[in-house]
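What follows is a set of notes on a single structure, which appears directly below.
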Amino acid sequence: MISSSTISELKRIVGSHNIFTEKDRLKDYSTDASSLQYMPEIVIFPEDESQISRIMKLANSYRFPVYPWGAGTGTTGGALPIGGGVVISLKRLDKILRIDSVDMIAEVQPGVITSELQREAEKIGLFYPPDPASSHISTIGGNVAECAGGLRAVKYGVTKDYVLGLRVVLPTGEIIRTGSETKKGVVGYDLTKLIVGSEGTLALITSILLKLIPKPPYRASILLHFKDKTGAIECALNIIRRKIIPTTLEFMDSLSIRAVKISHPYLFKGEIHSLLLIELDGRRAEVEEDVAKIVDIGKKDGVESIKIARREEDIGHIWEARRGLSHSLYNLRPHKISHDVVVPSSKIKELMHFLETLMD
Ligand SMILES: Cc1cc2nc3c(=O)[nH]c(=O)nc-3n(C[C@H](O)[C@H](O)[C@H](O)COP(=O)(O)OP(=O)(O)OC[C@H]3O[C@@H](n4cnc5c(N)ncnc54)[C@H](O)[C@@H]3O)c2cc1C
C-alpha cells in the first residue's frame, strides 16, 4: 500500500492535476485487451522525462511497483498492475519531435499514436512500415515495448527492424541513450534490441529514433477464393516458391470465413472454403508483373474467383473481410482462443493439419 506521504511526493513531481487515486477512474487502467484485471493504486501522467526519472527514483527508494502504460491495447497484460502500485501513463509525451527526410529518420515521444506518425511520414514521401492492426489506437511506445508485428511483416519485418535508438529511464531513475542515428550503428552491445520487446520490465522508454524508408509509389491488392480447402495454402506456398514477396499475405480458412459472413454477408457469395488476401507494393511495373504471376499461380492451384484492386477505395473493400475478422471471431466464443503462432513457411501445411485435429 502506497502511503499518503508518498502520494504527496508524487504530486509534487507531476502536479496534482496529473495524478489520480479515485477508484472509479482507476478502473480504466485495470484492464487491457488481454481482459485480465488488476487494480492500480495510483495512475500518474508525467509530462517529461525528468519527471519520470524522479518518479522512478522514488519508486526505487520506497520499493513500490510501477507499470508503463501506452494505450492499453496490449493483448499480453504487460501494462497491468499485477502487484498494485503505480501505472505511469505516457499519454502526455505525445510529440513527433522531428522527421528528417535526408537521414530518413523520425524521432518521436512514446505516446504518439502509430498511425499519426505513419500519416506525417507519408506527407513527405516517407514510410513507417510496421502496421499492427491496432495502429490507429496504440502508441509507438507500446509497439516498441511489445515489438509489435502486423500485416506488413512478410515484406517489411516488425517494429525492432525500425528502431535505431532509444532514450530510456532505468529503474534507478538514471537516463540513458542507446543506439545511434546512423543505419550502420555497429559498435558495442545492442541495448536497443534488449529493450525492444521487454514489455516495460527493463526501462521506461521516453524517446524513440525510428528508421523510415521511401514510400512505395504503387500498390495493388488481390483476393483469391478457393473451393478446395487446401487450395489457398498451396497457392501461398507457390507464391513464395516463385520468389514473390508480397507486402501482406493473409489466409482465411472456412471457419473464419463463416464467422465474417455472419457480420458481413455481402462480402462472400457461394461456397468458399478458403481465401488468400494479398497486397503488393513497389514500382508499378514490378507490382503488375507480380500480380500477373500470382493470377497464373492461382489458376494452377484451382482458384474459384479472383478480384484485383488498384484504386484506394477498391483496396479498402477487399480488406474489409480481414479487418472484420478479429471482431467476427467473437461470434465463436467460448470456443475461440486467440494466439499468435509462428512457424517457418515450410511448416505451414503441417500447422494447418494440426489445427484441424484440434477442431475435431
Ligand atoms: C484490435 C487490436 C489489434 C491488434 N493488432 C496487433 C497486431 O497486428 N500486431 C501486434 O503485434 N499486436 C497487435 N495488437 C496488440 C497491441 O495493440 C500491441 O501490442 C501494441 O503494441 C500495444 O500498444 P499500447 O500503446 O496499447 O501499449 P500498452 O498496451 O499500453 O502496453 C503494452 C506493453 O508496453 C509497455 N509500455 C508501454 N509504453 C511503454 C513505454 N513508454 N516504455 C516502456 N514500456 C512501455 C507496457 O508496460 C506493456 O507491457 C492488437 C491489439 C488490438 C486490441
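Worth a mention:
- Hits in the stretch 59-74 (condition: within 14 Å of residue 45 (Cβ to Cβ), within 6 Å of the ligand (Cβ to nearest atom) and not small (Gly, Ala, Ser)): 67, 68, 69
- Identity of the residue in the stretch 46-65, more than 14 Å from residue 206 (Cβ to Cβ) and in contact with a strand residue (DSSP E or B) (Cβ under 8 Å, 6 or more places away or on another chain), that ends up most open to solvent (accessible area, probe 1.4 Å): 65
Residue-wise test of (1) modelled with pLDDT under 90; (2) in the same structural domain as residue 146 (by TED's automatic domain parsing); (3) more than 16 Å from the ligand (Cβ to nearest atom).
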site	(1), (2), (3)
284	no, no, yes
310	no, no, yes
325	yes, no, no
355	yes, no, yes
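- The set of residues from the stretch 146-189 being within 11 Å of the ligand (Cβ to nearest atom), of a type in the set (A, V, I, L, M) and open to solvent by 20 Å² or more (accessible area, probe 1.4 Å) comprises 151, 153, 158.
- For the stretch 87-108, a residue qualifies if it is more than 14 Å from the ligand (Cβ to nearest atom), part of a strand (DSSP E or B) and open to solvent by less than 70 Å² (accessible area, probe 1.4 Å), and the qualifying residues are 96, 99, 100, 105, 106, 107.
- Residues of the stretch 109-144 that turn out to be touching a residue at least 24 places away in the same chain (Cβ under 8 Å) and open to solvent by 20 Å² or more (accessible area, probe 1.4 Å), as a count: 10
- Taking the criterion of being without any contact (Cβ under 8 Å) to a residue 60 or more places away in the chain, within 13 Å of the ligand (Cβ to nearest atom) and either surrounded by 15 or more Cβ atoms within 10 Å (Cβ to Cβ) or of a type in the set (A, V, I, L, M) (or both), the residues of the stretch 8-32 that qualify are 30, 31, 32.
- Check on residue 171, within 11 Å of the chain's Cα centre (by Cα) and not acidic (Asp, Glu): no
The values are calculated or read from the model by the stated rules, or taken from the named source; none is laboratory data. In this text, all values refer to a predicted model and were calculated from it rather than measured experimentally. Backbone-built Cβ (ideal geometry, glycine too); neighbour counts: all protein chains shown. These accessible areas exclude ligands, DNA and RNA; they are computed on the full protein's heavy atoms, side chains included. Shrake-Rupley method; radii C 1.70, N 1.55, O 1.52, S 1.80 Å.
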